[in-house]
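Report on one structure; see the data block that follows.
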Amino acid sequence: MGKKYVAYVGTYTHGTSKGIQVYDVNLEEGTLTERSEVEVSNASYTAVSKNGKYLYSIEDEGVAVFKRDHNGDLARINSVDIDGMRGCFLATDVDGKYLYVAGYHDGKVTVVHTHKDGRLGSVMDGVFHTGLGSVAERNFRPHVNCVRPTPDNKYLCAVDNGIDQIKVYRINKRTDKLELVDIVRCPRESGPRIIRFSADGRFAYVLFELSNEIKVYSYDGSGDVPEFELLQSISTLAKKEDGGVSHNAASGLALAPDGRHLFCTTAGENTVGMFEVNSETGLLERRFVLPVSGDYPKDLVIFPDNQHIAVANHSSNSITTFKVDYEKNIIMMKGKPRKIETPNCINIWPVPDGEDIEDLEA
């Protein structure tokens, strides 16, 4: 653990926040110390390039890219318009050739070319989802909430919160276009929100915002078409709800660096849950669901030491950090909540050390 790490927190900027807040990370103490702030209009999500040298951010104008120096500080390189409404999620492909953008407001998946020198290039493709959802509050329209390539880089999964589907696209490297090859249809009014894959690429974990559960799928990309098989559904809630009316919404999902634990947050009851991952079967066993001492935990991150977590509480304008006790299945708060206005996302990455940093997850 000799590497130096920094945390980036993306925020909305309709108040006093400027955009991305940079923090120094103390691994031993499990704490964050504010260092600097970078101007980005409404930074709703950030991602890092596979070599660790560049940081991408959603902004009102489209997508921005920043060069990361040896301390993790950021210097803007350029921005591009994504020919649509402001995005909500970013992911890079395994080869570092493309940046994928999820559009919640317009139901669009956008592919942006990334140059080797860090610059963002032109929009290579843009696909609008079609179809009707089943939840009136979401206007029966597509809302792409998350995009993530499969670990084998054969396909792109686009999680649509509005129409309860995960659309799976083939990435045509010759034409730089997306080709729809499969649809994982989820239960009506379940609201799929985020997909993450196990380190070995055999399992996919999908967080469902409205049904407040995690579904485990096996994934096999060895054939002509991708194969997803549902293996398990498990609740994110501390207790079953009364009356059948949902006031909770599963919000954040993160795999620990050790690959043995999956964490999620649920707004409403404002909790964080930890699940132990069976490395052979991919199945989850719940260890705890506990309060986060904040309101609307929109995102969370596990420290590289696997011993601490930080939660971005959007509505209470705070970040709370905890030490995880895996034997007692509890968390202990580290200091007072750190104030930050309307945090949207939080990530921790090692700083560039002059050599490429392989396999950083966006």
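Only residues that are within 19 Å of the chain's Cα centre (by Cα) and in contact (Cβ under 8 Å) with a residue 60 or more places away in the chain were counted across the stretch 290-308, and they come to 4. Only residues that are farther than 19 Å from Y5 by Cα, among the polar types (S, T, N, Q) and in contact with a strand residue (DSSP E or B) (Cβ under 7 Å, 6 or more places away or on another chain) were counted across the stretch 282-341, and they come to 5. Checking every residue in the stretch 318-335 against the condition of being without any contact (Cβ under 8 Å) to a residue 40 or more places away in the chain and in contact with a Pro (Cβ under 7 Å, 6 or more places away or on another chain) gives at least one match.
Scan the stretch 198-210 for residues that are closer than 16 Å to E280 by Cβ and of a type in the set (F, W, Y) and jot them down. Once the filter is applied, which keeps residues that are closer than 16 Å to E280 by Cβ and of a type in the set (F, W, Y), the stretch 198-210 yields F203, Y205. Could you tell me whether the stretch 85-107 includes any residue that is farther than 27 Å from D152 by Cα, at pLDDT below 95 and among the small types (G, A, S)? No, every residue in the stretch 85-107 fails to be farther than 27 Å from D152 by Cα, at pLDDT below 95 and among the small types (G, A, S).
Restricting attention to strands (runs of 3 or more DSSP E) lying wholly within the stretch 22-73, give those where 3 or more residues are modelled with pLDDT of 95 or more and touching a Cys at 6+ places or on another chain (Cβ under 6 Å).
Working: elements: 31-39, 46-48, 54-59, 62-68.
Once the strands (runs of 3 or more DSSP E) in the stretch 22-73 are filtered for at least 3 residues that are modelled with pLDDT of 95 or more and touching a Cys at 6+ places or on another chain (Cβ under 6 Å), nothing remains.
Can you work out which of the residues in the stretch 328-349 that are touching a His at 6+ places or on another chain (Cβ under 8 Å) and either among the small types (G, A, S) or not in a strand (DSSP E or B) (or both) is farthest from Y12 (Cα to Cα)?
Across the stretch 328-349, the extreme among qualifying residues is K334.
Taken as a whole, the stretch 77-88 holds no residue that is open to solvent by less than 50 Å² (accessible area, probe 1.4 Å), in a loop (DSSP other than H, G, I, E, B) and of a type in the set (D, E).
Scanning the stretch 54-63 for residues that are in contact with a Lys or Arg (Cβ under 6 Å, 6 or more places away or on another chain) and either of a type in the set (K, R) or open to solvent by less than 10 Å² (accessible area, probe 1.4 Å) (or both) yields one hit, L55. The single condition among (1) open to solvent by less than 20 Å² (accessible area, probe 1.4 Å); (2) touching a Gly at 6+ places or on another chain (Cβ under 9 Å); (3) not in a strand (DSSP E or B) that F322 does not meet is (3).
Let's see how each residue does on (1) of a type in the set (D, E); (2) in contact with a strand residue (DSSP E or B) (Cβ under 8 Å, 6 or more places away or on another chain); (3) open to solvent by 20 Å² or more (accessible area, probe 1.4 Å):
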position	(1), (2), (3)
R148	no, yes, no
L156	no, yes, no
V159	no, yes, no
V168	no, yes, no
T175	no, no, yes
V181	no, yes, yes
C186	no, yes, no
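Applying the condition of being open to solvent by less than 30 Å² (accessible area, probe 1.4 Å) and in contact (Cβ under 8 Å) with a residue 60 or more places away in the chain to the stretch 22-42 and asking which residue is nearest to F322 (Cα to Cα) yields G30.
Annotation note: of G19, G2, the sole residue that is within 30 Å of M332 (Cα to Cα) and surrounded by 19 or more Cβ atoms within 10 Å (Cβ to Cβ) is G19. Screening the candidates D295, D356 for the property of being in a loop (DSSP other than H, G, I, E, B) and modelled with pLDDT of 95 or more yields one hit, D295.
Evaluation of T110 against the conditions (1) surrounded by fewer than 19 Cβ atoms within 10 Å (Cβ to Cβ); (2) within 20 Å of the chain's Cα centre (by Cα); (3) of a type in the set (S, T, Y) shows that the sole unmet condition is (1).
The values are calculated or read from the model by the stated rules, or taken from the named source; none is laboratory data. The structure displayed is predicted, hence computed values, not measured ones. Please note: Cβ atoms are built from the backbone with ideal geometry, for glycine as well, and neighbour counts cover all protein chains shown. Accessible surface is based on the protein model in full, side chains and every heavy atom, while ligands, DNA and RNA are left aside. Shrake-Rupley method; radii C 1.70, N 1.55, O 1.52, S 1.80 Å.
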